[in-house]
Amino acid sequence: MSKLFGPLLALLILAVLAPATATTAAGRSGVPWDQVGDGWVLATVIRGRVEQGAELSVRARSLELISPDGVRHPLHRTTRQAPKNNVDPGNFTLIGWDPSARTALLKRYVSLARKQAIHLDLETGATRTLALPKAEMATGLRPDGSGVLTQTLGGRILSIAWDGTRTTLGRAGQGGAITTPDGTSAVVAEGRALLVLPLDGASPHRVATPGQCRPLRWYSDTALLASCYSRKGSRLVTVGLDGAVTAMARMRRSNRPGFRGPSWEDTDVRQVGGTSYYEGNGPCGGSFITRENAKGQVRTVRVPGSRGGVSLVDGLEDRLLIAHTETCDNGLPRAVLSTFDPRSLDEDVLVRLAKNEHWGHVLAWDEPRPWGY
């Protein structure tokens, strides 16, 4: 978990302290919704200048859909204004979306202590807001569209209707939470188990896990891809709702003294040409592509000309869809979305952001993530 702390903290500070912005709707009519699906990307783009050598001064933010051939479709945009209550009124972070309903969920700070959820209709641009509890830790869309699901620092799982009515569904630990693909339950990491919490009020049940597991995404309709920690290190596995556990990679023994890597933790896997490629991560943050050789040794797959991090976004037949992102030690790199052949090392650029544009999120449209991802 420590490898994510630096980048997440930096994004939080940007959201709270950056100068304020005003919201506009743009470009929605240009989205060919009947074509949106596999191979499309949902992204947030931050526009701003790096000042004083490191700090990014945010001037605008946007939520965009990107087609498989690299066409950018703006869905929601904010621009800088004067601060209010010591925060940027237009700050937002993408925390969830529903491909079927074509809606997204954003979170914004209205003061240093208060937050709102913003429900965004991606087709019309219509929004509605909802005050979140002060102890809110993570929030996602309720699958039936009636409101949001919130996890608090105290461990409560709340259902909050759009009129503000709150219902406690249960209690769990403070691990990651994600809604099941069929929309019937929330799955919450709790110690060495996953708590499956039905949204209709039925009794929850626990699924044992090989350590403390952090949900990453659904690998299938009934199995979660998760990064699990134990005294031996971290390991990428799938955990079925029936309790079946399948190792997706060998153990990354990051707990061993003198750890030399390269991967501290795996946070994704994609198969291309019969080979598994992993999104590996270093101890301080920043991702890269790795694979395992026949002996189980981890080898980094270099992307020629890359600077900073490289994230796996999707697997597209015989190529990987990747994004060039920042790391904790290399600063802001060229912001690029591309397809990459990990065998020939050939890269085809789909999107190259402008000089002062930077990725916030770059995510496969048809793979909703845990709340507050």
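The values are calculated or read from the model by the stated rules, or taken from the named source; none is laboratory data. As the structure is a prediction and not an experimental result, all values here were calculated from the model. Cβ atoms come from the backbone with ideal geometry, glycine included; neighbour counts cover every protein chain shown. Accessible surface areas use protein heavy atoms only, side chains included; no ligands, DNA or RNA. Shrake-Rupley method; radii C 1.70, N 1.55, O 1.52, S 1.80 Å.
Write out, first by first residue and then by second, each pair whose Cβ atoms fall under 6 Å of each other, whose residues are 6+ apart or on separate chains, and whose first residue, in segment 301-314, is closer than 20 Å to Arg270 by Cα while the second is modelled with pLDDT of 90 or more and assigned to a loop (DSSP other than H, G, I, E, B).
Val301/Pro342; Pro304/Leu345; Val310/Val303
Kindly provide the set of residues from segment 294-319 that are under 15 Å from Arg252 (Cβ atoms), assigned to a loop (DSSP other than H, G, I, E, B) and at pLDDT 85 or above, ordered by number.
Within segment 294-319, just Gln297 meets the criteria.
Are there any pairs, at least 6 apart or on different chains, whose C-beta atoms fall under 8 Å, with the first in segment 24-45 and among the hydroxyl-bearing types (Ser, Thr, Tyr) and at pLDDT 95 or above and the second open to solvent by less than 20 Å² (accessible area, probe 1.4 Å) and not in a loop (DSSP other than H, G, I, E, B), and if so, which?
Listed by first residue and then by second, the contacts come to Thr44/Arg61; Thr44/Ser62; Thr44/Leu63; Thr44/Glu64; Thr44/Leu94.
Within segment 115-124, is even one residue closer than 30 Å to Val36 by Cβ, touching a His at 6+ places or on another chain (Cβ under 7 Å), open to solvent by less than 20 Å² (accessible area, probe 1.4 Å) and not acidic (Asp, Glu)?
yes
Suppose we filter segment 139-156 for residues that are among the hydrophobic types (A, V, I, L, M, F, W, C) and at pLDDT below 95; how many remain?
The qualifying residues number 1.
Can you go through Ser306, Ser311, Ser276 and tell me which one is among the polar types (S, T, N, Q) and buried (at least 21 other Cβ atoms within 10 Å of the Cβ)? Break it down stepwise before answering.
On the way: Ser306 fails: buried (at least 21 other Cβ atoms within 10 Å of the Cβ); Ser276 fails: buried (at least 21 other Cβ atoms within 10 Å of the Cβ).
Exactly one residue qualifies, and that residue is Ser311.
Can we say Gly164 is part of a loop (DSSP other than H, G, I, E, B) and open to solvent by less than 40 Å² (accessible area, probe 1.4 Å)?
Working: part of a loop (DSSP other than H, G, I, E, B): yes; open to solvent by less than 40 Å² (accessible area, probe 1.4 Å): yes.
Answer is yes for this residue.
Tell me whether segment 186-202 contains one or more residues that are more than 17 Å from the chain's Cα centre (by Cα), open to solvent by 50 Å² or more (accessible area, probe 1.4 Å) and at positive phi.
yes
Kindly provide the set of residues from segment 79-105 that are at pLDDT below 95, open to solvent by less than 20 Å² (accessible area, probe 1.4 Å) and in a strand (DSSP E or B), ordered by number.
Val87
Check Pro133 against each of (1) within 21 Å of Val239 (Cα to Cα); (2) open to solvent by less than 40 Å² (accessible area, probe 1.4 Å) and name the one condition it does not meet.
Of (1) within 21 Å of Val239 (Cα to Cα); (2) open to solvent by less than 40 Å² (accessible area, probe 1.4 Å), only one is false for Pro133: (1).
If a residue has to be assigned to a loop (DSSP other than H, G, I, E, B) and of a type in the set (D, E, K, R) to count, how many in segment 106-146 make the cut?
5
Identify, by number, the condition in (1) surrounded by 15 or more Cβ atoms within 10 Å (Cβ to Cβ); (2) assigned to a loop (DSSP other than H, G, I, E, B) that Arg343 doesn't meet.
Every listed condition holds for Arg343 apart from (1).
Might you check whether a residue that is under 13 Å from Tyr277 (Cβ atoms) and open to solvent by less than 30 Å² (accessible area, probe 1.4 Å) occurs anywhere in segment 292-301?
yes
Could you check Ala202 against (1) aliphatic (A, V, I, L, M); (2) part of a strand (DSSP E or B); (3) farther than 14 Å from Arg142 by Cβ and say which number it fails?
Failed condition: (2).
Arg319 versus (1) of a type in the set (D, E, K, R); (2) surrounded by fewer than 20 Cβ atoms within 10 Å (Cβ to Cβ); (3) free of Cβ contacts under 8 Å to residues at least 60 places away in the same chain: which is the lone unmet condition?
Of everything listed in (1) of a type in the set (D, E, K, R); (2) surrounded by fewer than 20 Cβ atoms within 10 Å (Cβ to Cβ); (3) free of Cβ contacts under 8 Å to residues at least 60 places away in the same chain, Arg319 misses just condition (2).
Taking segment 215-234 as the region of interest, how many residues are open to solvent by 10 Å² or more (accessible area, probe 1.4 Å) and either assigned to a loop (DSSP other than H, G, I, E, B) or at pLDDT below 95 (or both)?
8
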